[in-house]
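Data block below; observations after.
The values are calculated or read from the model by the stated rules, or taken from the named source; none is laboratory data. Just so we're clear, the structure is a prediction, and the values are computed from it rather than from any experiment. Because the Cβ atoms are built from the backbone with ideal geometry, glycine has one as well, and the counts that use them run over all protein chains shown.
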2 protein chains.
Amino acid sequence: MKTDHQLQVAIKDSILFRDSSDAFISKIAAKGSMTHYKKGKILFVHEDQAKRFFLVKNGWVKLFRETLDGEQAVVDMVTSGQTFGEAALFQDNIYTYSAEAIEASDIISIPLSLLQFEIDNNPKFVKTLLFYNASIRQLKDKEIEHRSLQNASQRIGCFMLRLVDQEKLGKTNIHLPYDKMFVAAKLGMKPETFSRALKRLKKDTKIRVKGATIEIDNLQQLSDYACRACSFEFPCADLKKD
Amino acid sequence: MKTDHQLQVAIKDSILFRDSSDAFISKIAAKGSMTHYKKGKILFVHEDQAKRFFLVKNGWVKLFRETLDGEQAVVDMVTSGQTFGEAALFQDNIYTYSAEAIEASDIISIPLSLLQFEIDNNPKFVKTLLFYNASIRQLKDKEIEHRSLQNASQRIGCFMLRLVDQEKLGKTNIHLPYDKMFVAAKLGMKPETFSRALKRLKKDTKIRVKGATIEIDNLQQLSDYACRACSFEFPCADLKKD
């Protein structure tokens, strides 16, 4: 399944490695391997010993934990270009959540030891990592803020906006997980709230939902709708490619 | 107002610098200065140019932003031992929120250039920073999780538990901001929800609220109550001192 070129392109496209040198990317690609996971496949379980981290080439992965009460907490839903499991390096090499492919997904896994080596020997990469961490921190702040200030329809709109190229204001399509209840769980909504809020969002912004695909004719209209209850500017600074 | 020894103790007590060498702490103390701020004093405004970061010696500071809709988003409420403003180093030296002392507070300010110097020259500090970032990231994940899974009383209990020495299971007191509506805003609750939830929490866990002081007779009882709807173990790993 693995072709070095395919891996290099996917790695170069990822948020964590988009500023890395070609030499470093070749090294990661050489040590990485791509696997196709079926829907429902568990990649690792919370508190497992961590040896590798992961980069989604395509598909959707749910990161989650369970409480003593037996409830499931969805930590995140990750898709193309996003990594997961790398934070284990700073958590005693233990995964801090479980990971499940919720759709058929192609995922690249890379040894954590390679990341550790770069941290120990590549000051430029360490700086990238510090900036990356700062952007994640701000992203989490934003998410916490949105849970207070955005209504449910705005939160769904915001989730969609973060999946598109925000520089292109024209027509665009988004691929969501087929079962939208995963998105509801990620956004901390009950299924019935999510369904009602999605209906409202379609009415107010004219987006169209066709199975797993969302068709957006006017990105500006969607951002006007969702971002007025956000304290950050659109386009989202943490998603900018330069 | 400034005494080097006072500053050194406060810096050594902070989460960010508790693992730092005495030499580094002396350096920070030498360049830092302590100021007493009155209640209501604005320290800086969102998008101000950032030259210094801050460490709370005692008191409470609210970090916040405003949305286009004119709503205020409380990013965080910080108190003794916590820093703020340091993330500006990774955000083009711009503060990503406003800061207001919501009680009379003693606050140490330190040049960001000192932090930048250490990042460029002290690999040990960079590693501390990476671990610190990972713990903040997990903390934010936890907060997002709690907004989905904990009820309002559990969330208030959790907020209190994070302010005490969790290793001591006996009697303890906590100092909250005098105006508890700041806590409500930090937890993303409407004032009336907060009041009802606090009443419920007092009834269920026998804590006593006396003005700004919370008296807890049995920490275990409070943690049993709040932490059953959390996927992390008590005591909170990110607060451990070793």
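Data for the structure
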quantity: Verdict on B:GLU145 being touching a Cys at 6+ places or on another chain (Cβ under 8 Å), over 25 Å from B:ILE28 (Cβ atoms) and either in the same structural domain as B:ILE216 (by TED's automatic domain parsing) or not in a strand (DSSP E or B) (or both); calculated: yes
quantity: Residue that is away from every other protein chain (no Cβ under 14 Å) and either under 24 Å from A:ASP13 (Cα atoms) or modelled with pLDDT of 95 or more (or both), where the choices are A:LEU139, A:LEU161; calculated: A:LEU161
quantity: Complete set of residues in region A:120-136 that are polar (S, T, N, Q), more than 9 Å from chain B (Cβ to nearest Cβ) and in contact with a Phe, Trp or Tyr (Cβ under 9 Å, 6 or more places away or on another chain); calculated: A:ASN122, A:THR128
quantity: For B:GLY188: the one exception among (1) away from every other protein chain (no Cβ under 14 Å); (2) in a loop (DSSP other than H, G, I, E, B); calculated: (1)
quantity: Residue match in region B:41-62 (condition: surrounded by fewer than 16 Cβ atoms within 10 Å (Cβ to Cβ), touching a residue at least 60 places away in the same chain (Cβ under 8 Å) and basic (Lys, Arg)); calculated: yes
quantity: Which numbered condition A:PHE117 misses (of (1) at the interface with chain B (Cβ under 7 Å from one of its Cβ atoms); (2) among the hydrophobic types (A, V, I, L, M, F, W, C); (3) free of Cβ contacts under 8 Å to residues at least 40 places away in the same chain); calculated: (1)
quantity: Residue check for B:ILE216: of a type in the set (A, V, I, L, M, F, W, C) and touching a strand residue (DSSP E or B) at 6+ places or on another chain (Cβ under 6 Å); calculated: yes
quantity: Condition met for B:LEU129 (closer than 30 Å to A:ASN121 by Cβ and crowded, with 20+ Cβ neighbours inside 10 Å); calculated: yes
quantity: Given (1) of a type outside the set (Gly, Ala, Ser); (2) modelled with pLDDT of 95 or more; (3) in contact with a Leu (Cβ under 6 Å, 6 or more places away or on another chain), number of the condition B:ILE110 does not satisfy; calculated: (3)
quantity: When residues of region A:191-242 are limited to those that are within 25 Å of B:HIS46 (Cα to Cα) and of a type in the set (Lys, Arg), the one farthest from the other protein chains (Cβ to nearest Cβ); calculated: A:LYS241
quantity: Residue in region A:46-63 that is on the phi > 0 side of the Ramachandran plot, away from chain B (no Cβ under 13 Å) and within 18 Å of the chain's Cα centre (by Cα) present; calculated: yes
quantity: Candidates A:VAL209, A:VAL126, A:VAL183, filtered to the one that is over 18 Å from A:TRP60 (Cβ atoms) and not charged (D, E, K, R); calculated: A:VAL126
quantity: Qualifying residue in region A:36-53 (condition: closer than 26 Å to A:ARG162 by Cβ and among the hydroxyl-bearing types (Ser, Thr, Tyr)); calculated: yes
quantity: Members of region B:191-218 that are more than 30 Å from B:LYS12 (Cβ to Cβ), of a type outside the set (Lys, Arg) and surrounded by 13 or more Cβ atoms within 10 Å (Cβ to Cβ); calculated: B:THR193, B:PHE194, B:SER195, B:ALA197, B:LEU198, B:LEU201, B:ASP204, B:THR205, B:ILE207, B:VAL209, B:ASP217, B:ASN218
quantity: Selection from region B:8-22 of residues that are small (Gly, Ala, Ser), part of a loop (DSSP other than H, G, I, E, B) and buried (at least 18 other Cβ atoms within 10 Å of the Cβ); calculated: B:SER14, B:SER20
quantity: Region B:64-77 - residue that is closer than 27 Å to A:THR128 by Cα and under 12 Å from the mean Cα position of the chain (by Cα) and, of those, farthest from the other protein chains (Cβ to nearest Cβ); calculated: B:ASP76
quantity: Looking only at region B:117-169, and only at residues there that are polar (S, T, N, Q) and within 16 Å of the chain's Cα centre (by Cα), the one that is farthest from A:ARG155 (Cα to Cα); calculated: B:GLN166
quantity: Residue in region A:144-167 that is without any contact (Cβ under 8 Å) to a residue 24 or more places away in the chain, crowded, with 18+ Cβ neighbours inside 10 Å and under 30 Å from B:THR128 (Cα atoms) present; calculated: yes
quantity: Test: A:PRO123 is out of contact with any strand residue (DSSP E or B) (no Cβ under 7 Å at 6 or more places or on another chain) and modelled with pLDDT under 90; calculated: yes
quantity: Of all residues in region A:219-242 being of a type in the set (A, V, I, L, M, F, W, C) and in a helix (DSSP H, G or I), the one that is surrounded by the fewest Cβ atoms within 10 Å (Cβ to Cβ); calculated: A:ALA237
